[in-house]
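Notes to accompany the following structure.
Each reported figure results from applying straightforward, stated rules to the coordinates on display, with no laboratory input. Just so it is clear, the model here is predicted, and its values are computed rather than measured. Using ideal geometry, Cβ is built from the backbone for each residue, glycine included, and neighbour counts are taken over all protein chains shown.
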Amino acid sequence: MRILQYVVFIMQNTNQAQLEFPIVMGQPYEIIPDDLFIPPNALELCLETFSGPMDLLLYLIKKENINILELDVSNITDQYIEYIDLMDSLQFELAAEYLVMAATLAEIKSRLMLPQENYDEEEEDPRATLIKRLQEYQRYKSASENIALLPRVDRDFFTASAGLPEIKIDKQEITVSKEELATIFHEIQTRPDLKLHHQIDFEELSTQERIQIILQILSKRNIVSFSKTLRKGEGRHGVVVTFLASLELAKDGHIELIQNKTEEIFLKSLTGVSN
Amino acid sequence: MINTVEALLFGAGRPLRLSEIRNLLDTDGIPSELSDIKQCINSLEDRYDASSLEIVEVASGFRLQIKQAFSPSLTHLWNERAPRISKALMETISIIAYKQPVTRGDIEDIRGVSVSTNTIRSLLERNWIKVSGFKDAPGKPALYATTKEFLDDLNIKNLSSLPDLPDSIETDDGEIFSQVV
């Protein structure tokens, strides 16, 4: 509940002109809570109004008159923990930057509470670092405000252009009638696909099959010339297969291969003509 | 030739460089010098003096515009107003404009808040920034710079026409602190 009240408070407080006090539990909330500092879960609101923790801090310093030096450290620590408790995992990345700032402030505050301390020369005064960063940020913040005021196209000024005249293009117009379209479409649909191609495979010649054929021939006659066992159209491949079949038969002792003075090879059956 | 130059500017609807105009005239069979074209533009400016038009030189060249005095009448032409640009986006583009080329990390250092991918994407889509290179540092982060379109859209010719970046106030820490308190 308290968180919501802070949000309401921030919302109303950001509008300086608004004098109405937020009503909390039926009572007007007149006193500025001491712990009004980065209200937990008012994050989304803050992010809409402020562009980051630097912006928020600048705002608080300048407009809200919050004295960062008088902030209660224990209070900040409480808020710090409350923050982590309430933080959505989704908002974690965004909140982290606000947390870093809160931690930095807490550190500065704690250092100020300690008796006078001499910083190591290498270690920079975190207070000075923060102020430098704030100043640098403020430079660009005001620069961005200046740029935002510059006239912008389509917002503050407009470019002029004219409709183009009809541009003549040297192109023959194509006129096609409905009927023509239909005819052409029909013609295309019925046109034989001459571009279709398919692979023609050679009929596979099997040596085993050829052995059977040779044996069949030799079952009718005792001797046959090699050339007679060939089949026209099988080409060189057929010759090879037939020759392999002959060798196979000769090896197994079914036939004898005889070559006379001529080039012709004869296949002679050794098993004799079967009856 | 004056009228041809005028026609080109009207037809283009975007800034044209003198050299661009010369090339266009050249392909059209009208040879010309850059100085001739500049003279044409000057004559056109004189001609427009009493009209609602003006020729403005922006980063990408010469552009025909409607005089800003007529903007209020024009805004009612469209139902949609030009989209508002968020504070975060303006801060980001300003840092890029004054410190370019910068990495996302550089922007984050100044703003104290992480720069969302959407912010960068939105600026890239608007053609206001471009990746000008990659920093020779671990992770090779992209370096961003502003484009000519950014200057065109703000009606300026170059980066030095941007408002001056406010000086950082050189004060010693104690003084700042007394101010803060």
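This ranking places B:W128, B:W78 by how few other beta-carbon atoms lie within 10 Å of each, fewest first, which gives B:W78, B:W128.
With neighbours defined as other Cβ atoms within 10 Å of a residue's Cβ, the residues B:S116, A:S144 order from fewest to most as B:S116, A:S144. Just so you know, the Rg over Rh for chain B is 1.09, from Cα atoms, with Rh as the Kirkwood radius. On the basis of the beta-carbon distance and an R0 of 41 Å, A:N260 and A:D201 show a calculated FRET efficiency of 0.60. Per residue of B:145-155, other chain Cβ atoms within 10 Å of the residue Cβ number 2 on average.
Applying both filters, DSSP loop and at most 11 other Cβ atoms within 10 Å, to the chymotrypsin sites (Phe, Trp or Tyr not before Pro) of the stretch A:158-217 gives A:F202.
As a footprinting exposure proxy, order A:E145, A:E166, A:E180 by other Cβ within 10 Å, with the fewest listed first. Before the final figure, lay out the partial values.
On the way: A:E145 15, A:E166 6, A:E180 10.
With the sparsest Cβ surroundings first, the list reads A:E166, A:E180, A:E145.
Residue pairs exceeding 28 angstrom between C-alpha atoms, taken from B:K38/B:K130; A:K168/B:K157; B:K38/B:K157; A:K168/B:K130: B:K38/B:K130; A:K168/B:K157; A:K168/B:K130. Spin-label model, B:D28/B:K140: points 7 Å from Cα along the beta carbon direction are separated by 4.5 nm.
A crude spin-label estimate for the pair A:I213 and A:K168, with each label 7 Å from Cα along the Cβ direction, gives 7.7 nm.
Inter-chain neighbour count for B:111-121: the average number of beta-carbon atoms from partner chains within 10 Å of each residue's beta-carbon is 5.
When a/c reaches 1.5 or more, the comparison of a/b and b/c decides; with that in mind, is the stretch A:207-269 rounded, prolate or oblate per its Cα gyration tensor? Let's see the in-between values first.
Details: a/c = 1.44, a/b = 1.12, b/c = 1.28.
Here the stretch A:207-269 falls in the rounded category.
Look at the stretch B:92-103: the mean tally of other chain Cβ atoms within 10 Å of its residues' Cβ atoms is 3. At an R0 of 45 angstrom, the distance between the Cβ atoms of B:L165 and A:E187 translates into a FRET efficiency of 0.05.
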